[in-house]
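Read the structure below first, then the notes.
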Amino acid sequence: MSSTTDLDIAAFHRAALDATREVVAGITDDQWSLPTPCADWDVRALLNHVVAGNWWASRLAAGATIEEVGTAYDGDLLQPSPLGEYHESAVAAARAFEAPGALEAPCAVSYGPVPGSVYAGHRFLDVAIHGWDLAVATGQPSPLTPDVVDACWRVLEPQLDLLRASGMFGTEQPVPDDADATTRLLLTLGRTPA
């Protein structure tokens, strides 16, 4: 696997947002309270987390501070339409990282100021993996394509210890020697592939 220097992280972030949108569009009214691979969240709560993260990204990537955003994205962000609210937040997040200079500019995130490219990588991982979580919970096909999985690894591997310690993902599961890249990724991030 190659480094992240030649990775168009803004494009992969948008691709993960778009793939997750397809999953969200497939959620039926009777599925919102189903459990997800994220033990503390049902489908609705997990989607609300993703929408909040998208809105946060749209603001922090544009130069806002945590204090300026404050509590703007607390509470239920899925009204009146979960798909509509997801779509609006995804468009805003994608545009923020695609803006000229956004990937080089510092983002004031909770774990320090980091370059926009690093934060975009973290958002990409979060959206891609939670898209998979939502798909599994609702019986839909995985949105994780081989290209997305490869990009996830390119973001993840140089920061694996940091991300493990952050608590962003579940407890790593044992990875069999013969696991394919997708299975290895999911197990590393505390998921149990179907």
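The values are calculated or read from the model by the stated rules, or taken from the named source; none is laboratory data. This structure is a prediction, so every number in the text was calculated from the model and none was measured. Here the Cβ is made from the backbone with ideal geometry for all residues, glycine too, and neighbour counts use every protein chain on show. Note: accessible area is taken over every heavy atom of the protein model, side chains too, but ligands, DNA and RNA are not part of it. Shrake-Rupley method; radii C 1.70, N 1.55, O 1.52, S 1.80 Å.
Brief remarks follow.
- A Cβ distance below 6 Å, combined with a sequence gap of six or more or placement on separate chains, defines the contacts here; from the stretch 46-69, residues that are free of Cβ contacts under 8 Å to residues at least 40 places away in the same chain and under 17 Å from SER117 (Cβ atoms) reach residues that are open to solvent by 10 Å² or more (accessible area, probe 1.4 Å) and assigned to a helix (DSSP H, G or I) in the pairs SER58/ALA92; SER58/ALA96.
- For the stretch 105-121, the candidate set comprises residues that are in a helix (DSSP H, G or I) and open to solvent by less than 10 Å² (accessible area, probe 1.4 Å); within that set, the residue that is farthest from GLY63 (Cα to Cα) is GLY121.
- If you go through the stretch 27-57 and keep only what is closer than 25 Å to GLY170 by Cα and not hydrophobic (A, V, I, L, M, F, W, C), you end up with GLN31, SER33, PRO35, THR36, PRO37, ASP40, ASP42, ARG44, ASN48, HIS49, GLY53, ASN54.
- Scanning the stretch 149-172 for residues that are part of a helix (DSSP H, G or I) and either touching a Lys or Arg at 6+ places or on another chain (Cβ under 6 Å) or within 24 Å of ARG44 (Cα to Cα) (or both) yields one hit, SER166.
- Where helices (runs of 4 or more DSSP H) sit wholly within the stretch 13-101, those with at least 1 residues that are within 25 Å of TYR111 (Cα to Cα) and of a type in the set (Asp, Glu) occupy 66-69, 82-98.
- Qualifying positions in the stretch 146-166 - surrounded by fewer than 14 Cβ atoms within 10 Å (Cβ to Cβ) and under 19 Å from LEU134 (Cα atoms): PRO146
- Pair list, Cβ < 8 Å and 6+ apart or interchain, from the stretch 168-185 residues that are closer than 14 Å to CYS38 by Cβ to residues that are of a type in the set (Asp, Glu) and surrounded by 11 or more Cβ atoms within 10 Å (Cβ to Cβ): MET168/ASP126
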